[in-house]
Each structure stands twice: as structure tokens, then as C-alpha cells.
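Asker: I'd like to ask you about the structure that follows.
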Amino acid sequence: MKKNPVLLRIDPSLQQAEVLDYVLQNDSLPKVSPEPRVSVSQARAGKTQAEIVSNRTTTRILYISQDTSLLNQTTESLDRYLNVADVFDEVHIIVLKPGIRTKNPVLRVAENVWVYVAAAPVAWRVPFVALRIIEEHLVFAGGFRADLIVARDGYESALTAYLAGRRYNRPRQLHLLEEIIPAVSNHSSLWRHLSVWLVSTFASIRTTTQQRTDELKVQYQHTLDIEPLPQFRNFTGLTKADPDINLKNIYRQFSFMIIYVGKLTFGHQAFQAIDAARVLLRNPRVGLLIIGEGRGRAECIKRAELLGIAHQVIFEKNVSGVKAYIAAADVVVVPDVDLTSDDVVMQAAALGTPLVVARTVIRTDIFTNGESALFFERGDITTATAQLQRVLNDNSLRRSLKTASLALAGEQLQDDPVSYQGLYRDSIEQALCA
């Protein structure tokens, strides 16, 4: 007689310290694997073959994420350049966020895309709110709606996916996207220890770079399905710059132009760009152009005034054709490490503009320090200044950086969205057979 699967239910009143103990004690629950199908001819032939049957055209997927930008109703993309509505039959996205619970937690942002908001006053309660939303909105008479559960980070999202996967007997995949998950400092040591254990419970893991993939394969040797997600970067779109401009004609007082592009908010690093360039700006022929707007603009202007370089720091907020400005610059400095700044980095590479950038896993996977870009550790202003001085003083270095970045862009960037969508879908659906 076939036993019914054991359901994993957690009392939301549990304290944070009890969550880890409870989960660990219940890890002995049975794990249900997909049933293999073997044809009669294969069985008669004596072959030990098994085939997992998956109808990819009707795959329904549940994403669990802490990226609150997904609450924008115009957003249908979890990974850049990808509209998930075109890839899967149904897409359900649960966004986890500490805060006041919303009265209407369901948003339908496309014909086949739904976004659910799971909010609670404290972070450790959010996963249990998410489980209740899943029970209320994704469980029908025919059972659990989604075929696959994908956690977008190794903290609360991973815990929610783990609990939901155990409860509804669904395969799970974990995405470790280092540059968009909350900072480790935002989590207690308990969450960090729980995260290490949670990663080991996923049979399928996806990362953003080959370097991170190799590291995880060493750390979690029992997990066989660890691969980087396919990356799409629109080479054709990036290289189609706006009409050529000459910054030397616009800003005639400068013969060497440094550019920073980004939002002028307190979460971005325009301050670091100003600090890194201030030594070079002692030369009156060197200028720093900051393109962007935000609430931190006034503070940035005040910063330049305090450093005595206000006349050489130009702020522009309503620039049409940012790519043309990047193409005309002598060097682009990128102290930010978020996904938006990665777009600036790839634009500069595709346009052949020398780069001085903060080191990230993604960037070191693409660029070689000293050959196609110049790196500095995030927050290391001294090294950033030294790298800018190298570009300023060495014409041959500027030429070699331009040549190398153009060649690299041609190899790294793709312009076939259809192929990318297929690769992405296959990579996600591999979790069904992991």
C-alpha cells in the first residue's frame, strides 16, 4: 500500500533560534524522486535505461526571491534580457520582504505571470507567510500548481523553497546570484549557518560565473548538477551607439575625460568616483563627468566643493545618448557592483573605452586585470586612483585596453535572444531530472 507523503508544517510562532533545530530534526522526511519510465522494448532488451518524461511546453514554475524590484508591475524579467513569460507556461513569483503585510498580496503582471508579496515585521517570519500564500493561491483541487520551485538566493528564499518542496513533493533549484542577494552582514550568524546547510539540500544549483561554479563543486561534491546560468548580453544593441560626439568640443577646458554613470543615491558609489579621481583633478586639464540623477546629487556636489575640485567635476542628468558619451570618454570608472553598473561595464567594453572597475566575481570571470580592464577591490580608493593614473599617463596602455575589450566583447556578448531563451529554459528544467 502506497503511503501518503509526510507534510512538513512549521508553527509560525517558532522563534528564530528554533527554526534551524526544527528543520534539521525533520530532514529525515522521505524525499520523492521522479518515477522513471522504461519502455517495454528496453526492458525486453535487458537494458538498464530510464527516461524522465517532461513536457517543457507546459512547465509551470514558482520563483521565490528577495528582489523587491520585481514588485514593479512593468517587470516581467528575473534575469536581464529575459522575459520569463515567453519561456514558461506559467510563472509564479513570490517576493519576500520584511515590513507591513499588504492587504492585496497578488499582482498579475502578465497573462501568465503572477507576483505574490510575502511580508512580515521580522525577516525570519517571512518564509512562513510565504508558505501560507502558497497554500492559499497555488494549491487547488488538482494539487500543487507549480512543477518546479526555484529559490533566487541562499537565505530566506532557499528556506521557503526547501519547506515548500518537501511539503508538495516538487523538485527545487537554487540560484546563487552573488551580486543581487542581500549582503551577508544583513543576516545573523544563525542564518549564515542555516544557509550553508540549505545549499547542500538542493540537487540543482545555478550560479552566474564558471568560477563560482567550480568553487561550489569543490564545496558540495555530492551535488552533481551545479552549472552557471546562460548569460545573454546584447552585443548588437550595445555597439549601436548614438551619433558620435566629441567631449573635447563640449568641454573645451579638458583634454582628458573620466566618466561615471549611475544613480546618485546613497546606495551607489558616486562618492568613491569623486574620491578616486581627486588626485588626477589637480591637473586642470583633467575632468570628471558624472552622468546620473537622484537624491544624493546635492551631496555629491558638496563633496566636490569640499575637495576643491568643483570646477572640474561636471554633473549631467538629462543626457540623451549615454552610450555616445561612454564611447567618447578616455576612461570609465565603475566603483559600483550592482547589476545596473554591470551594464555600464559591458557597454564600455563593447565600445572600446578603457575601464577601471571594482572587482566582482562576474567581472573577473569576463575580464583579465591589466589586459582588458583594470581592477580595484571595492572600496579601495587608493588602488582606484593608482589605476586611473596608469590610464592617464600611458597611451599604449589605453590602446591595448581598447583592443582587448573590443575583442573580448565580440567573444562574450551574444545577440540571439531566441537561442538564449532556449538555453535558459533547459538549464532551469534540468532540475526536474536532477
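The values are calculated or read from the model by the stated rules, or taken from the named source; none is laboratory data. Owing to the predicted nature of the structure, the values given are computational and were not obtained by experimental measurement. Note that each Cβ is placed from the backbone with ideal geometry, even for glycine, and that neighbours are counted across all protein chains shown.
Asker: What number of residues within the range 347-370 satisfy the criterion of being more than 21 Å from Leu288 (Cβ to Cβ) and either of a type in the set (Gly, Ala, Ser) or touching a Leu at 6+ places or on another chain (Cβ under 6 Å) (or both)?
Answerer: Qualifying residue count, the range 347-370: 2.
Asker: So is Asp342 more than 17 Å from Val391 (Cβ to Cβ) and charged (D, E, K, R) or not?
Answerer: Taking the combined requirement at face value, the residue satisfies it.
Asker: Let me ask something else about it. Checking the conditions here, which among Leu432, Leu423 is surrounded by fewer than 17 Cβ atoms within 10 Å (Cβ to Cβ), over 27 Å from Gly321 (Cα atoms) and among the aliphatic types (A, V, I, L, M)?
Answerer: Answer to the selection: Leu423.
Asker: Report yes if some residue within the range 79-92 is surrounded by fewer than 14 Cβ atoms within 10 Å (Cβ to Cβ), assigned by TED's automatic domain parsing to the domain that holds Thr58 and under 26 Å from Phe232 (Cβ atoms); otherwise report no.
Answerer: Within the range 79-92, one or more residues are surrounded by fewer than 14 Cβ atoms within 10 Å (Cβ to Cβ), assigned by TED's automatic domain parsing to the domain that holds Thr58 and under 26 Å from Phe232 (Cβ atoms).
Asker: Would you point out which residue out of Arg172, Arg167, Arg252, Arg206 is surrounded by fewer than 15 Cβ atoms within 10 Å (Cβ to Cβ) and either over 30 Å from Gln312 (Cα atoms) or at pLDDT 80 or above (or both)? Full working, then the answer.
Answerer: Working: Arg172 fails: surrounded by fewer than 15 Cβ atoms within 10 Å (Cβ to Cβ); Arg167 fails: surrounded by fewer than 15 Cβ atoms within 10 Å (Cβ to Cβ); Arg206 fails: surrounded by fewer than 15 Cβ atoms within 10 Å (Cβ to Cβ).
That would be Arg252, the only listed residue that is surrounded by fewer than 15 Cβ atoms within 10 Å (Cβ to Cβ) and either over 30 Å from Gln312 (Cα atoms) or at pLDDT 80 or above (or both).
Asker: Further question on the same structure: Is there a residue in the range 341-350 that is within 19 Å of Arg206 (Cβ to Cβ) and either basic (Lys, Arg) or in the same structural domain as Val261 (by TED's automatic domain parsing) (or both)?
Answerer: Scanning the range 341-350, I find at least one residue that is within 19 Å of Arg206 (Cβ to Cβ) and either basic (Lys, Arg) or in the same structural domain as Val261 (by TED's automatic domain parsing) (or both), so the answer is yes.
Asker: Okay, next question. Right, Ala158: outside any strand (DSSP E or B), crowded, with 16+ Cβ neighbours inside 10 Å and either at pLDDT below 90 or under 22 Å from the mean Cα position of the chain (by Cα) (or both) or not?
Answerer: When the stated conditions are applied, Ala158 passes them.
Asker: Related question: Identify, from the list Ala304, Ala329, Ala310, Ala348, the residue that is over 27 Å from the mean Cα position of the chain (by Cα) and closer than 22 Å to Glu371 by Cβ.
Answerer: Only one candidate passes the filter, namely Ala329.
Asker: Name the residues in the range 305-345 that are among the β-branched types (Val, Ile, Thr) and in contact (Cβ under 8 Å) with a residue 40 or more places away in the chain, would you?
Answerer: The answer is Ile314, Val322, Ile326, Val331, Val332, Val333, Val334, Val337, Thr340, Val344.
Asker: Determine which member of the set Leu288, Leu307 is buried (at least 22 other Cβ atoms within 10 Å of the Cβ) and in the same structural domain as Asp336 (by TED's automatic domain parsing).
Answerer: Result: Leu288 is the single residue among Leu288, Leu307 that is buried (at least 22 other Cβ atoms within 10 Å of the Cβ) and in the same structural domain as Asp336 (by TED's automatic domain parsing).
Asker: I've got another one for you. In the range 107-132, which residues are surrounded by fewer than 16 Cβ atoms within 10 Å (Cβ to Cβ) and modelled with pLDDT of 90 or more?
Answerer: Arg132
Asker: Could you tell me whether the range 250-258 includes any residue that is part of a helix (DSSP H, G or I), without any contact (Cβ under 8 Å) to a residue 24 or more places away in the chain and either in the same structural domain as Asp380 (by TED's automatic domain parsing) or β-branched (Val, Ile, Thr) (or both)?
Answerer: Checking the range 250-258: at least one residue is part of a helix (DSSP H, G or I), without any contact (Cβ under 8 Å) to a residue 24 or more places away in the chain and either in the same structural domain as Asp380 (by TED's automatic domain parsing) or β-branched (Val, Ile, Thr) (or both).
Asker: Cβ-Cβ below 9 Å, separation at least six or inter-chain, first residue in the range 203-225 and closer than 20 Å to Pro171 by Cα, second part of a helix (DSSP H, G or I) and small (Gly, Ala, Ser): which pairs?
Answerer: Filtered contacts from the range 203-225: Ala203/Ala431; Ser204/Ala431; Arg206/Ser427; Arg206/Ala431; Tyr220/Ser200; His222/Ser200; Thr223/Ser200; Asp225/Ala431.
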